[in-house]
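So the structure is just underneath, and the comments pick up after that.
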Amino acid sequence: MGSIEAYGEFDTAWCPGCGNHSILQAVKMALAQSDIAPHEVVFASGIGQAAKAPHYLRANVFNGLHGRALPAATGIKLANPELTVIAESGDGCNYGEGGNHFLAAIRRNVNITLLAHDNQIYGLTKGQASPTTETGHTTKAQPGGAPSAPFNPLAVAVSMEAGFVARGFSGEQEHLADLIQQAIAHPGFALVDILQPCVSFNTANTYGWYKKRCTKLTADHDPTDWAQAMQIARQWGETIPIGLVYHATDRPTFEDHFPVLSKGPLSHPNPGQTTVRDLLATFA
Ligand SMILES: Cc1ncc(C[n+]2csc(CCOP(=O)(O)OP(=O)(O)O)c2C)c(N)n1
Ligand code: SF4
């Protein structure tokens, strides 16, 4: 077991009571439980409150444009397959601005983990409706209620047969840390959609609202059964299942299609002096 302390402790710009605090701690717990040291992990994030999470731990971080965590994570993993690569951002970042990247990541099945902090709202920009906001939810920007149907990331991921599809809740920290640990260990693209309250801008989906509904999946649920997983993924109401919804390990990863990647990292190849000299000689 690695050390949680190795990931440091930093002041954050988050509101007291925000679900991000607990998610950050769960991420550190999962990395320590997985015995991964800070220099062995890279986070890629976009823009938003959730996207700031990797700023608050001692590890490698690429912070890019809104919605672009997944393409960055993909490039990092392909060039450095020996690293653990985690994309971490909000529901707006991943399912709104980055929606097409979400679909492409599932199709490609690169060995990366996506942690989507899902507060059902755009937090950083003060509470506009996001893709996962429920229909009719009123915000300052949607005073008549959000008109669109909410995006269901789990149902989409299961329908596309993503190999690892899970939902966690920031109020169930140990359960969440365990899901993140399993996601990191999964060989292929892994999604953990994490329900979290935004105490400042989402007055509908509060901590109490989630706490009352989030129910851990039991051994009765077989995550290898696609039809059962689809049914669980579509459940949303008085009961919201949390846990591993779908799990399959029989899909080849994107990396499997490129034998060059099995020869080691593209990031620091060492062709040797002789090869370089021979190569230069061809230009003479
Ligand atoms: C292309 C683009 N569109 C919009 C914005 C403005 N913007 C910055 S953060 C943000 C919302 C972030 O919401 P979410 O990803 O759900 O994360 P949260 O802040 O809730 O954690 C928006 C719309 C931007 N920076 N770039
Ligand atoms: S605005 Fe919402 S998401 Fe942002 S830090 Fe505050 S509670 Fe968290």
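Just name the residue that is farthest from Gln128 (Cα to Cα) out of those in the stretch 200-221 that are charged (D, E, K, R) and within 23 Å of the chain's Cα centre (by Cα). The qualifying residue farthest from Gln128 (Cα to Cα) is Lys216.
Do we have Ala141 as surrounded by 21 or more Cβ atoms within 10 Å (Cβ to Cβ), away from ligand 2 (no atom under 13 Å from the Cβ) and either on the phi < 0 side of the Ramachandran plot or acidic (Asp, Glu) (or both) here? So Ala141 does not fit the description; no. Taking the criterion of being in contact with a Phe, Trp or Tyr (Cβ under 9 Å, 6 or more places away or on another chain), of a type in the set (Val, Ile, Thr) and within 24 Å of Val199 (Cβ to Cβ), the only residue of the stretch 17-76 that qualifies is Val27. Every residue in the stretch 98-137 that is open to solvent by 30 Å² or more (accessible area, probe 1.4 Å), more than 16 Å from ligand 2 (Cβ to nearest atom) and either of a type outside the set (A, V, I, L, M, F, W, C) or part of a loop (DSSP other than H, G, I, E, B) (or both), please. Those that are open to solvent by 30 Å² or more (accessible area, probe 1.4 Å), more than 16 Å from ligand 2 (Cβ to nearest atom) and either of a type outside the set (A, V, I, L, M, F, W, C) or part of a loop (DSSP other than H, G, I, E, B) (or both): Asn100, His101, Arg107, Arg108, Asn111, Glu134, Thr135, Gly136. Filtered by the rule that a residue be outside any helix (DSSP H, G or I), open to solvent by 20 Å² or more (accessible area, probe 1.4 Å) and either within 17 Å of Asn94 (Cα to Cα) or of a type in the set (A, V, I, L, M, F, W, C) (or both), the stretch 47-63 gives Ile47, Gln49, Ala59, Val61, Phe62, Asn63. Looking at the stretch 168-220 only, could you name the residues that are free of Cβ contacts under 8 Å to residues at least 24 places away in the same chain, surrounded by 15 or more Cβ atoms within 10 Å (Cβ to Cβ) and either away from ligand 1 (no atom under 16 Å from the Cβ) or more than 27 Å from Gly127 (Cβ to Cβ) (or both)? Selection gives Trp209 alone.
Every test in (1) open to solvent by 10 Å² or more (accessible area, probe 1.4 Å); (2) closer than 24 Å to Asn205 by Cα is passed by Glu9 save one, and that test is (2).
Among the residues of the stretch 126-163, those identified as in contact with a Gly (Cβ under 8 Å, 6 or more places away or on another chain), within 13 Å of ligand 1 (Cβ to nearest atom) and polar (S, T, N, Q) are Ser130, Thr139. Of all the numbered requirements in (1) more than 16 Å from ligand 2 (Cβ to nearest atom); (2) farther than 25 Å from Gly171 by Cα; (3) open to solvent by 30 Å² or more (accessible area, probe 1.4 Å); (4) not acidic (Asp, Glu), Met1 misses one, and that requirement is (2).
The values are calculated or read from the model by the stated rules, or taken from the named source; none is laboratory data. Just so we're clear, the structure is a prediction, and the values are computed from it rather than from any experiment. Counting neighbours? That spans all protein chains shown, and the Cβs are built from the backbone with ideal geometry, glycine included. For the accessible areas, the whole protein counts, side chains as well, though only heavy atoms, and no ligand, DNA or RNA atoms are used. Shrake-Rupley method; radii C 1.70, N 1.55, O 1.52, S 1.80 Å.
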